[in-house]
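Taking it in order: structure first as structure tokens, then the write-up.
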Amino acid sequence: MARITEEMKEVAGKTKGFALATATKDGDPHVIPVGFGKVLSDDEILLVAVFMKKTLENIKANPEVAVSLWDMGSFKGYEFKGKARIETSGNVFDDSVKMVKSMMPQLSAKGAVIVKVDSIFVTSPGPDAGKKVG
């Protein structure tokens, strides 16, 4: 099982946004920027659904997703692949609502997208670009 390291968590904490890639059940790709997110644990990433529509439909039909994040200051980046689930109640969802309201009170969270990470790749420029590290 892939583990999100402390360095990866640090990069996630510095990112200005996440890219979330999904696909329909037939494989038609779709990627969106996500402004609200964080690492939940050593193998889960949270992305908050505020405007997501097609993305949520895709996850319901095909839960395989990829999340890319990066820190432009250090040029470090990672791609996380795994299965996503959508929660609209419970502690993680409640925390998502608070996260959005604390940063942009005019917006509302409509779901918590939780990605259970099963593989991790380096996206930083250099000789390790594309290397599987988890």
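If you go through segment 11-27 and keep only what is outside any strand (DSSP E or B) and not polar (S, T, N, Q), you end up with 11, 12, 13, 14, 16, 17, 25, 26, 27. Number of residues in segment 15-58 that are among the basic types (Lys, Arg) and under 14 Å from the mean Cα position of the chain (by Cα): the value is 2. Check segment 87-94 and report whether any residue there is surrounded by 17 or more Cβ atoms within 10 Å (Cβ to Cβ), in contact with a Gly (Cβ under 9 Å, 6 or more places away or on another chain) and farther than 20 Å from residue 30 by Cβ. Taking every residue of segment 87-94 in turn, at least one turns out to be surrounded by 17 or more Cβ atoms within 10 Å (Cβ to Cβ), in contact with a Gly (Cβ under 9 Å, 6 or more places away or on another chain) and farther than 20 Å from residue 30 by Cβ. When segment 100-134 is filtered for residues that are small (Gly, Ala, Ser), within 13 Å of residue 36 (Cα to Cα) and free of Cβ contacts under 8 Å to residues at least 40 places away in the same chain, only 102 remains. Out of the residues in segment 8-20 meeting the condition of being touching a Lys or Arg at 6+ places or on another chain (Cβ under 9 Å) and among the small types (Gly, Ala, Ser), tell me which one is surrounded by the fewest Cβ atoms within 10 Å (Cβ to Cβ). Of everything passing the filter in segment 8-20, 13 is surrounded by the fewest Cβ atoms within 10 Å (Cβ to Cβ). Close contacts from segment 25-40, counting a first residue that is under 14 Å from residue 60 (Cα atoms) and a second that is outside any strand (DSSP E or B), with Cβ to Cβ under 6 Å and a gap of 6+ residues or different chains, come to 25/61; 25/62; 30/54; 30/58.
When residue 114 is tested against the conditions (1) crowded, with 16+ Cβ neighbours inside 10 Å; (2) within 18 Å of residue 14 (Cα to Cα), the lone failure is (2). Taking segment 62-94 as the range and being part of a strand (DSSP E or B), among the β-branched types (Val, Ile, Thr) and out of contact with any Phe, Trp or Tyr (no Cβ under 8 Å at 6 or more places or on another chain) as the test, the residues that pass are 65, 86.
Note on segment 37-73: among residues that are within 12 Å of residue 116 (Cβ to Cβ) and touching a helix residue (DSSP H, G or I) at 6+ places or on another chain (Cβ under 8 Å), the one that is surrounded by the fewest Cβ atoms within 10 Å (Cβ to Cβ) is 40.
Can you find a residue that is charged (D, E, K, R), within 29 Å of residue 130 (Cβ to Cβ) and in a strand (DSSP E or B) anywhere in segment 37-53? Within segment 37-53 (the criterion being charged (D, E, K, R), within 29 Å of residue 130 (Cβ to Cβ) and in a strand (DSSP E or B)), the answer is yes, since at least one residue qualifies.
All of the numbers you see were taken from the coordinates with simple rules; none came from a lab. None of these values were measured; they are calculated from a predicted model. In this analysis, Cβ positions are derived from the backbone assuming ideal geometry, glycine residues included, and neighbour counts consider all displayed protein chains.
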